[in-house]
Amino acid sequence: MKKRVIALILAALIASLTFSLAGCGKSGVDVPVPAEKAKVFTMGIDPEYPPFSYLGDDGEYTGFDVDVCKAVCDYLGWEFKVFGVNWDQKLVQLDSNECDCVWSCMTILDSMKEAGYIISRPYFDNEQVLLVKADSGFKSSADLAGKDVAVQLGTSGESLLNEDLKDLADSFGKVVTCDSFLKCFTELEGNAVDAVFVDRPVADSYVAEHEGFVIIDEDLGAEQYGIAFRSGDEELCSQVEGAIDALVADGTYAQIAAKYTDIDEGNLIFLK
Amino acid sequence: MTLINIIIKMSEGLEKTCAIFFLTLLFAIPLGMIVALLRGSKFKIISSIARVYISVLRGTPLMLQLIAVTYGPYYLFGISVSRNKLIPVVIAFTINYAAYFAEIYRSGIDSMPVGQYEAAQVLGYTKTQTFFKIILPQVIRRILPSLTNEIVTLVKDTSMAFTVSYQEMFTIGKQIANSQTSFVPFVVAGVFYYVFNAIVGFVMGRVEKKMSYYKI
């Protein structure tokens, strides 16, 4: 009997707690947002993707994409925030409102548009390349037949190897998927793989900073980068695009691009 | 990709998940016993080494240990990273799980009443005989439930091998989820893990029944 009473009291407590918490959530929404409060714009990035988005020496996120987004937010008077997404879950995290856009060398895929995401105008011409050790003697993708190649999970490189470049992927000994590019490079450095399949600018930046690596000069897949927004966010997308246009017009965009010497300006579509 | 295709593709990875699981048990169960015995050693130095081992391995994340075992030798000594990732993965899992198993064994050994040792001595058993013939069977009986707990955790922890790019079942599931923008592979993974653990639970239940002979 006593036990039952205690159980009842506990159940009542839990129920009332749940209700009061649910109530809290509601009342929070009812409070009107003061008009002067700046809109918070959260940018979703892959935090390990130099030179476009990475953790800088000062411990703040930096990179070309981050700087452009910062400038866009300054221009529009928004409060700027960065959110490091788990790249292979980026669209799920976008859908769950953890960020307002995915803006980090994101390759525009038809499947994203089909799934209803709003994709901005492309801003970068990219190609996929193979990065190898300089002393390995590999000169073309054909030399890598039977060799192991690393690729990052959730990147366009990975989907290319699964679809359009399936034959090439099959010629490799094994395709190793890593959860970040830094792991891919570590695998290459430690001789666990023979090549890394990667976006051109990331390879350029890596080669510039580390000795003993070369890029196989062979265009394996042309693609373009864009910014992804949730479906229904057309207005947000056009606001951001408008702000970028303004930054291109007043030269800020070119200034930011000049800061990142690893990025080939010829590939920046807005500067052409 | 149909559900059947997803299941077939993920089953291929299940083989690798099983490889981690069985090899880890094979090595960690005896290694844990060795660590437990060293931990109970009369020599201060030996017992403190075992104590530090347990403290470090239990006190740091398995994910970190995986990275350290896989890439550490390259960064420290320039030894090439292993192409067969199963080797570093099993080493990392084994040293980690041995630490947990050691503590479970110790709890069992410490729970045995001194009277049993004394009785065995009176009956003329040597120390080794006492341990293997009298103490150990009872210890195993007592620790089986906690051991099952750890083994079940091990099944789920195998998914962490992804950190070092070992393509086990969950990694393949993630890849499919990614390319198909679908949640189905995660549900499949959940079912796989659950069934795997249900089997583990069943087998351990049977073993427990068999060992109930040693119950006091």
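The values are calculated or read from the model by the stated rules, or taken from the named source; none is laboratory data. Not measured: the values here are computed from a predicted model. Here the Cβ is made from the backbone with ideal geometry for all residues, glycine too, and neighbour counts use every protein chain on show.
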- Message: I need a count of the residues in segment A:149-192 that are in a loop (DSSP other than H, G, I, E, B), closer than 24 Å to A:GLN89 by Cα, of a type in the set (A, V, I, L, M) and within 9 Å of chain B (Cβ to nearest Cβ).
- Response: 1
- Counting only residues in segment A:193-203 that are in a helix (DSSP H, G or I) and either of a type in the set (A, V, I, L, M) or surrounded by fewer than 20 Cβ atoms within 10 Å (Cβ to Cβ) (or both), the one modelled with the lowest pLDDT is identified as A:VAL202
- Message: For the list (1) surrounded by fewer than 22 Cβ atoms within 10 Å (Cβ to Cβ); (2) away from every other protein chain (no Cβ under 14 Å); (3) at pLDDT 90 or above, I need the number of the one condition that A:GLY146 fails.
- Response: (2)
- Query: Is it the case that segment A:219-231 has a residue that's in the same structural domain as A:CYS101 (by TED's automatic domain parsing), out of contact with any Ser or Thr (no Cβ under 9 Å at 6 or more places or on another chain) and modelled with pLDDT of 90 or more?
  - Reply: yes
- Message: Which of the helices (runs of 4 or more DSSP H) found entirely inside segment B:123-216 contain at least 2 residues meeting this: away from chain A (no Cβ under 12 Å) and surrounded by 17 or more Cβ atoms within 10 Å (Cβ to Cβ)?
- Response: B:136-157, B:184-211
- Note on the structure: Among B:PHE22, B:PHE77, the single one that is surrounded by fewer than 18 Cβ atoms within 10 Å (Cβ to Cβ), within 30 Å of B:VAL187 (Cα to Cα) and aromatic (Phe, Trp, Tyr) is B:PHE22
- Note on the structure: Scanning segment A:50-69 residue by residue, those buried (at least 17 other Cβ atoms within 10 Å of the Cβ) and either touching a Cys at 6+ places or on another chain (Cβ under 6 Å) or free of Cβ contacts under 8 Å to residues at least 40 places away in the same chain (or both) turn out to be A:PHE52, A:TYR54, A:TYR61, A:THR62, A:VAL66, A:CYS69
- Looking only at segment A:193-216, and only at residues there that are touching a Cys at 6+ places or on another chain (Cβ under 9 Å), of a type in the set (A, V, I, L, M, F, W, C) and within 22 Å of A:CYS105 (Cα to Cα), the one that is nearest to the other protein chains (Cβ to nearest Cβ): A:VAL196
- Only one of these is among the hydrophobic types (A, V, I, L, M, F, W, C), within 18 Å of the chain's Cα centre (by Cα) and within 12 Å of another protein chain (Cβ to nearest Cβ): B:ILE87, B:ILE54. Name it. B:ILE87
- Item | From B:TYR166, B:TYR117, B:TYR125, residue being over 30 Å from A:GLU163 (Cα atoms), in contact (Cβ under 8 Å) with a residue 12 or more places away in the chain and hydroxyl-bearing (Ser, Thr, Tyr) | B:TYR117
- Which ones in segment B:39-52 are buried (at least 18 other Cβ atoms within 10 Å of the Cβ) and either at positive phi or not charged (D, E, K, R) (or both)? B:ALA50
- Note on the structure: The residue from A:ASP167, A:ASP148 that alone is over 30 Å from A:VAL40 (Cβ atoms) and touching a Lys or Arg at 6+ places or on another chain (Cβ under 6 Å) is A:ASP148
- Determine which member of the set B:PHE101, B:PHE77 is within 14 Å of another protein chain (Cβ to nearest Cβ) and farther than 18 Å from B:GLY13 by Cβ. B:PHE77
- Query: Would you call B:THR60 touching a residue at least 60 places away in the same chain (Cβ under 8 Å), farther than 25 Å from A:ALA150 by Cβ and either surrounded by 13 or more Cβ atoms within 10 Å (Cβ to Cβ) or of a type outside the set (Gly, Ala, Ser) (or both)?
  - Reply: no
- Query: Quick check, is A:LYS147 among the basic types (Lys, Arg) and touching a Gly at 6+ places or on another chain (Cβ under 6 Å)?
  - Reply: yes
